[in-house]
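Colleague: There's a structure below that I have some questions on.
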Amino acid sequence: HMGASKKAKGAAKKGGGGGRRESDAFDMFASFNRGVEQMQAGSVAEAAAVFAQCYVEALKVVTNRPDDADPDKVAAIEGCMFECLVYRAACLQASRTQPAAVEGMANLEKAVLLAKEPQPLCKALEQLAHVEGRCYRHSRRLQTARRLLEVAPACSDSSQEEFKVEGMLHQGAALLGLGRHTEAIPVLEEAQRIAKAAGTGAVEGRACNALVEAHLQSRDGVEPARKAA
């Protein structure tokens, strides 16, 4: 994430658009970096507030931009807005309360709309699916997971498989949440196979745990009971 903020800060310094607007843009990036510092220092609530304010400042600059605004600068500011939303969602997740999770979900939904490249889009989708799971929004999580699987092939080789497995794990978990165990099991088996081949032990472990849970639920006959209800 920090790469995007550095790029954005550099674009803000480049110029274009007048002195007052320029200083506003620069303050915005300074504000974002201050939020990151607070987050790294463990002041999560304060960092969340800074990211929220930074997003509002960025939105004002983009909304009030002149018709001849430098496209690179606008893209950089939108990049900063994306970072603010993703970082704020991470801060909100740390509080582990339901209202914070719902707010984090809303932030990530905005981030998904702002993402211009496959890599950040996949990261936002992966985080969104995670929060949707915490909020028991199984149908929405299933949609997010499927979109993640659609976008993952456009990412760089190194992260393609990672996002693919994450997408499958979220898809499997969402199907389990919906009581669709027979559909979840082959998805989770495939996720485990890919993770094993890629040598990602921790992810393979998560896939194994999810698979065991799916088989247990299926064996306990939760699915037929749900269907009958």
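The values are calculated or read from the model by the stated rules, or taken from the named source; none is laboratory data. Since the structure is predicted, the reported quantities are computational estimates derived from the model, not experimental observations. Cβ atoms come from the backbone with ideal geometry, glycine included; neighbour counts cover every protein chain shown.
Colleague: Inside segment 86-103, can you point out the residues that are touching a residue at least 24 places away in the same chain (Cβ under 8 Å) and over 18 Å from G42 (Cα atoms)?
Modeller: Q98, A101, V102
Colleague: Here is a further query. Assess whether A174 counts as being assigned to a helix (DSSP H, G or I), touching a residue at least 24 places away in the same chain (Cβ under 8 Å), touching a His at 6+ places or on another chain (Cβ under 6 Å) and under 24 Å from R88 (Cα atoms).
Modeller: Considered against the rule, which asks whether it is assigned to a helix (DSSP H, G or I), touching a residue at least 24 places away in the same chain (Cβ under 8 Å), touching a His at 6+ places or on another chain (Cβ under 6 Å) and under 24 Å from R88 (Cα atoms), A174 comes out as no.
Colleague: Mind listing whichever residues of segment 46-73 are closer than 14 Å to C84 by Cα and hydrophobic (A, V, I, L, M, F, W, C)?
Modeller: A47, A48, A49, V50, F51, A52, C54, V56, A58, L59
Per-residue answers, yes or no, for (1) touching a Lys or Arg at 6+ places or on another chain (Cβ under 9 Å); (2) outside any helix (DSSP H, G or I); (3) not basic (K, R):
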| position | (1), (2), (3) |
| --- | --- |
| D67 | no, yes, yes |
| R88 | no, no, no |
| A94 | no, no, yes |
| A100 | no, no, yes |
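Colleague: Does L211 qualify as being buried (at least 18 other Cβ atoms within 10 Å of the Cβ), over 23 Å from the mean Cα position of the chain (by Cα) and aliphatic (A, V, I, L, M)?
Modeller: The answer is yes for L211.
Colleague: Continuing with this model, one more query. Please go through segment 53-65 and pick out each residue that is over 16 Å from A30 (Cβ atoms), touching a residue at least 12 places away in the same chain (Cβ under 8 Å) and in a helix (DSSP H, G or I).
Modeller: Result: L59, V62.
Colleague: Mind checking which residues of segment 80-104 are surrounded by 18 or more Cβ atoms within 10 Å (Cβ to Cβ) and of a type in the set (A, V, I, L, M)?
Modeller: Answer for segment 80-104, where residues must be surrounded by 18 or more Cβ atoms within 10 Å (Cβ to Cβ) and of a type in the set (A, V, I, L, M): M81, L85, V86, A89, A90, L92, A100, A101.
Colleague: Hey, among A154, A129, which residue is surrounded by fewer than 19 Cβ atoms within 10 Å (Cβ to Cβ), hydrophobic (A, V, I, L, M, F, W, C) and not assigned by TED's automatic domain parsing to the domain that holds Y55?
Modeller: It is A154.
Colleague: Right, here's the next one. Is it the case that segment 113-122 has a residue that's in contact (Cβ under 8 Å) with a residue 60 or more places away in the chain, crowded, with 19+ Cβ neighbours inside 10 Å, part of a helix (DSSP H, G or I) and under 15 Å from the mean Cα position of the chain (by Cα)?
Modeller: yes
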